[in-house]
Amino acid sequence: MPFALSVMLTGGYDLSSVPLPEEKPFWADILLAFRRLESSELAAFDPSGTSVDGYGFTTIVTEGRLYLVWLMKQIEQLGGRHERRHVSSLDELADYDAVVNCTGLMAPKLVDGEEMYPIRGHVIRVRAPWVRQYTNKDKDIYIIPNTDTVVLGGTIQKGDWDTVPRPEERARILERCYSILPSLRRAPIVREWAALQL
Ligand SMILES: Cc1cc2nc3c(=O)[nH]c(=O)nc-3n(C[C@H](O)[C@H](O)[C@H](O)COP(=O)(O)OP(=O)(O)OC[C@H]3O[C@@H](n4cnc5c(N)ncnc54)[C@H](O)[C@@H]3O)c2cc1C
């Protein structure tokens with residue numbers, strides 16, 4: 001899979017239902033073409049009228065499911081080896097010069113005294129090839145174009161270990177995304193899932 005397909009340059013909109021601080025956010029100068037949105041732009045991107053402030057910019061969308069595969073190929077081409085196995089104790093890795101423990105939520109099983117809790121996220125993939133810009137509102141509403149689908153989200157639920165999607169959350173995610181971009185109502189659902197992040 002070519003690298004170009006996993007990293008896309010895209011217009012981005014951060015919408016807010018409350019007024020944002022006067023000063024620019026710290027990340028403003030990292031992105032291309034950062035600007036405060038005019039009221040006419042806010043109305044265009046959120047016909048429900050509940051976005052009273054926001055930023056526009058150009059950013060990149062990196063698709064992890066493609067990008068990680070590409071990265072793994074680069075490592076292999078450079079002579080790296082990939083071995084998949086369960087590690088019950090870090091002692092099993094005592095012969096290595098360096099060990100990076102990136103076992104996510106399972107890290108406490110390998111390191112005594114560590115405490116971790118998940119943040120549950122519920123997302124839905126829809127087929128909407130006409131959506132090419134990224135939109136986020138109030139942190140937990142987002143519309144992210146990928147190469148073949150568009151990701152609609154989401155939820156931010158601290159300490160919730162349940163990975164079964166809930167119908168009431170599905171309805172809430174869809175309604176909130178539809179209110180920002182009504183054309184999404186025509187987009188068929190391809191997949192949905194709830195998962196745990198750090
Ligand atoms: C619904 C949802 C949507 C998200 N969307 C985005 C997004 O759009 N953009 C973004 O940047 N992030 C997103 N995230 C967050 C992103 O998925 C996580 O931040 C990322 O997966 C964390 O990567 P990680 O490698 O640290 O941990 P993980 O992905 O949890 O990987 C840990 C790995 O360690 C392995 N492991 C654990 N214990 C052991 C053991 N004892 N022995 C061997 N292997 C072990 C596991 O099998 C797993 O493969 C999303 C998360 C969720 C839940």
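Every test in (1) within 21 Å of the chain's Cα centre (by Cα); (2) of a type in the set (A, V, I, L, M, F, W, C); (3) farther than 30 Å from residue 52 by Cα is passed by residue 171 save one, and that test is (3).
When residue 180 is tested against (1) within 17 Å of residue 14 (Cβ to Cβ); (2) of a type outside the set (S, T, N, Q); (3) modelled with pLDDT of 95 or more, just one condition goes unmet, and that condition is (3). For the stretch 142-165, taking the residues that are among the β-branched types (Val, Ile, Thr) and without any contact (Cβ under 8 Å) to a residue 60 or more places away in the chain, the one that is nearest to the ligand (Cβ to nearest atom) is identified as 151. Pairing each residue of the stretch 179-198 that is closer than 9 Å to residue 125 by Cα and acidic (Asp, Glu) with any residue that is in a helix (DSSP H, G or I) and within 16 Å of the ligand (Cβ to nearest atom), provided the two are 6+ apart or on different chains, yields C-beta distances under 9 Å for 192/170; 192/173. Only a single criterion out of (1) in contact with a strand residue (DSSP E or B) (Cβ under 7 Å, 6 or more places away or on another chain); (2) surrounded by 13 or more Cβ atoms within 10 Å (Cβ to Cβ) is not satisfied by residue 92, namely (1). For the stretch 59-88, name all the residues that are hydroxyl-bearing (Ser, Thr, Tyr) and more than 9 Å from the ligand (Cβ to nearest atom). Hits for the stretch 59-88 are 59, 67. Inside the stretch 15-30, residues that are in contact (Cβ under 8 Å) with a residue 24 or more places away in the chain and either assigned to a helix (DSSP H, G or I) or over 21 Å from residue 140 (Cβ atoms) (or both) make up a count of 1. Considering (1) aliphatic (A, V, I, L, M); (2) within 12 Å of the ligand (Cβ to nearest atom); (3) modelled with pLDDT of 95 or more, the lone condition that residue 198 does not fulfil carries the number (3). Of all the residues in the stretch 23-45, those that are under 16 Å from residue 179 (Cα atoms) and either over 20 Å from the mean Cα position of the chain (by Cα) or modelled with pLDDT of 95 or more (or both) number 4.
Residue-level check: of (1) within 9 Å of the ligand (Cβ to nearest atom); (2) surrounded by fewer than 11 Cβ atoms within 10 Å (Cβ to Cβ); (3) basic (Lys, Arg), residue 139 misses just (1). Taken over the stretch 89-106, the criterion of being assigned to a loop (DSSP other than H, G, I, E, B) and either of a type in the set (S, T, N, Q) or near the ligand (Cβ under 9 Å from one of its atoms) (or both) is satisfied by 89, 101, 102, 103.
Has the stretch 170-190 got at least one residue that is assigned to a strand (DSSP E or B), more than 12 Å from the ligand (Cβ to nearest atom), surrounded by 12 or more Cβ atoms within 10 Å (Cβ to Cβ) and of a type in the set (A, V, I, L, M, F, W, C)? So far as the stretch 170-190 goes, yes, one or more of its residues are assigned to a strand (DSSP E or B), more than 12 Å from the ligand (Cβ to nearest atom), surrounded by 12 or more Cβ atoms within 10 Å (Cβ to Cβ) and of a type in the set (A, V, I, L, M, F, W, C). Just to be sure, is residue 119 of a type outside the set (S, T, N, Q) and within 10 Å of the ligand (Cβ to nearest atom)? Yes; evaluated as a whole, the condition is true for this residue. Among the residues of the stretch 33-55, not a single one is in a strand (DSSP E or B), among the polar types (S, T, N, Q) and in contact (Cβ under 8 Å) with a residue 12 or more places away in the chain.
The values are calculated or read from the model by the stated rules, or taken from the named source; none is laboratory data. Computed from a prediction, not measured in an experiment: that's the story for all the values here. Don't worry about glycine lacking a Cβ; one is built from the backbone with ideal geometry, like all the others, and counts go over all protein chains shown.
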